[in-house]
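Trainee: Structure below; questions to follow.
The values are calculated or read from the model by the stated rules, or taken from the named source; none is laboratory data. In this text the structure is predicted, and so the values were computed from the model without any measurement. Using ideal geometry, Cβ is built from the backbone for each residue, glycine included, and neighbour counts are taken over all protein chains shown.
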Amino acid sequence: MRVSHRIANLTDGGSDGWEVFDHARKLVADGAEITELTIGEHDVGTDPVILEAMHAAAMGGHTGYASVPGIRTLRQTLAERYTERTGVPTDIDNVVITPGGQSALFAAHAGCCDTGDTGLHIDPYYATYPATIRGVGAHPRAVTTRSRDGFQPQKDVLNAAAEGARSILINTPNNPTGVVYAPETIRNICDVARDHDLWIISDEVYDTQVWAGEHLSPRMISGMADQTLVVGSMSKSHAMTGSRVGWIIGPKEMISHLIDLSTCTTYGVPGYIQDAAEFALKQGRKLEEKIAAPFRRRREIAKRLLDRQNVIKLIPADGAMYLMLDIRATGQSGEAFAWHLLERERIAVMPGESFGKAAAGHIRVAMTVEDDAFETALQRLCAKAEEMAA
Ligand code: PMP
């Protein structure tokens with residue numbers, strides 16, 4: 001069978017990094033009790049008030065083809081939200097609705113990169129990034145960050161990587177590290193993007209989950225709105241992962257091309273889902289804070305527990321629903337540690353190596369089980385690490 005090179009090589013022949021997760025899911029399916037701290041899925045479902053709005057919209061007849069760029073009132077709501085929260089004037093022609101953040105990432109790269117171009121991404125990275133860049137026919141180039149810099153990209157490394165590239169994909173608050181980029185990091189990224197004429201694709205799907213510091217978007221830096229595409233989503237902010245609704249905010253000319261792209265790829269997002277998203281956004285910060293609260297609480301639990309030992313190092317966990325733990329003092333790789341934890345302790349975490357070379361010797365812990373189970377799992381994880389390091 002002849003499969004296009006582009007599709008056949010999405011993972012570049014490498015592992016997709018999901019082996020521990022897949023095995024944990026298989027054990028669960030076979031009846032084992034596993035504490036799953038793997039993927040970024042809330043332990044609560046979509047709030048019933050949002051589901052009621054969705055139901056009402058569907059019953060009200062919003063089940064036909066919806067407007068491809070997105071329903072005007074949802075785009076308007078987002079335009080107002082971005083204007084208010086970022087201070088950057090944004091109107092509906094700066095907004096296109098997409099089926100989730102992932103398809104927005106794909107569309108954004110399709111908008112920025114031609115076949116054979118180079119798209120930068122930061123390592124460690126959300127697992128789909130390199131394949132997303134390959135998916136549009138471009139070449140991913142990793143910008144390595146270091147654990148000892150708190151995984152904040154450094155200007156010299158950015159500058160060296162930027163030579164000849166077309167775009168840079170960043171993500172703050174960050175998955176997998178839980179790091180929020182410092183204002184200086186954002187300014188450095190903008191300087192490099194300006195100097196090398198790069199598009200910035202700014203994945204901000206965790207922008208409502210900031211526990212320390214502040215979320216700063218490169219689009220807010222003077223002069224950068226014309227070369228920045230912001231990717232957003234209802235998945236994390238409103239626990240609507242399965243609804244598949246997200247967006248891109250960008251310059252009007254680019255957005256009009258991305259709308260043409262939507263016509264020939266997704267043909268829009270179901271109207272009743274968009275109505276539910278609009279309803280959810282109009283509930284304001286109160287609902288977002290309710291959805292974010294469990295992660296804020298669990299981060300405190302984790303900090304308290306991790307403060308009591310000195311084998312595992314917590315990377316500053318300032319945002320998103322994850323903790324990145326440096327377990328190198330155990331003498332194990334992230335992968336070996338994760339397998340061991342799964343087999344001996346029935347706790348599933350993601351090896352750092354699943355997110356790139358820069359996170360080797362680390363594990364990512366998703367704070368996605370209820371508080372008591374989370375605390376017990378972390379205690380056992382720490383005990384195991386201490387035993388290995390002894
Ligand atoms: N970006 C990041 C950093 C993510 O962690 C995720 C989901 N885990 C996405 C984008 C995609 O989210 P969705 O497609 O559900 O909006």
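Trainee: Please identify the pairs in which a residue from the range 134-147 that is modelled with pLDDT of 95 or more has its Cβ atom under 7 Å from the Cβ atom of a residue that is polar (S, T, N, Q) and not in a loop (DSSP other than H, G, I, E, B), counting only partners at least 6 apart or on another chain.
Mentor: ALA138/THR118; HIS139/THR118; ARG141/THR118
Trainee: Take the residues in the range 349-369 that are out of contact with any Lys or Arg (no Cβ under 9 Å at 6 or more places or on another chain) and not basic (Lys, Arg), then tell me which one is nearest to PRO140 (Cα to Cα).
Mentor: GLY356
Trainee: Within the range 86-134, track down each residue that is within 14 Å of the ligand (Cβ to nearest atom), touching a helix residue (DSSP H, G or I) at 6+ places or on another chain (Cβ under 6 Å) and polar (S, T, N, Q).
Mentor: THR98, THR132 - these are the residues of the range 86-134 that are within 14 Å of the ligand (Cβ to nearest atom), touching a helix residue (DSSP H, G or I) at 6+ places or on another chain (Cβ under 6 Å) and polar (S, T, N, Q).
Trainee: Of the residues VAL230, VAL210, which single one is within 13 Å of the ligand (Cβ to nearest atom), of a type in the set (A, V, I, L, M, F, W, C) and under 15 Å from the mean Cα position of the chain (by Cα)?
Mentor: From the options VAL230, VAL210, the qualifying one is VAL230.
Trainee: Just to be sure, is ILE201 outside any helix (DSSP H, G or I) and either out of contact with any Cys (no Cβ under 8 Å at 6 or more places or on another chain) or closer than 23 Å to ASP326 by Cα (or both)?
Mentor: When the stated conditions are applied, ILE201 does not pass them.
Trainee: Taking the condition of being crowded, with 16+ Cβ neighbours inside 10 Å, part of a helix (DSSP H, G or I) and not charged (D, E, K, R), how many residues in the range 59-89 meet it?
Mentor: 6
Trainee: Looking at (1) over 23 Å from ASP318 (Cα atoms); (2) surrounded by fewer than 22 Cβ atoms within 10 Å (Cβ to Cβ); (3) in contact with a Lys or Arg (Cβ under 9 Å, 6 or more places away or on another chain), which is the only condition GLU343 fails?
Mentor: Unmet for GLU343, out of (1) over 23 Å from ASP318 (Cα atoms); (2) surrounded by fewer than 22 Cβ atoms within 10 Å (Cβ to Cβ); (3) in contact with a Lys or Arg (Cβ under 9 Å, 6 or more places away or on another chain): (3).
Trainee: Let me ask another. How many residues does the range 262-307 contain that are more than 30 Å from LEU51 (Cβ to Cβ) and either touching a strand residue (DSSP E or B) at 6+ places or on another chain (Cβ under 8 Å) or surrounded by fewer than 17 Cβ atoms within 10 Å (Cβ to Cβ) (or both)?
Mentor: 6
Trainee: Would a scan of the range 238-252 turn up a residue that is more than 13 Å from the ligand (Cβ to nearest atom), in a loop (DSSP other than H, G, I, E, B), crowded, with 22+ Cβ neighbours inside 10 Å and touching a residue at least 12 places away in the same chain (Cβ under 8 Å)?
Mentor: Among the residues of the range 238-252, at least one is more than 13 Å from the ligand (Cβ to nearest atom), in a loop (DSSP other than H, G, I, E, B), crowded, with 22+ Cβ neighbours inside 10 Å and touching a residue at least 12 places away in the same chain (Cβ under 8 Å), which makes the answer yes.
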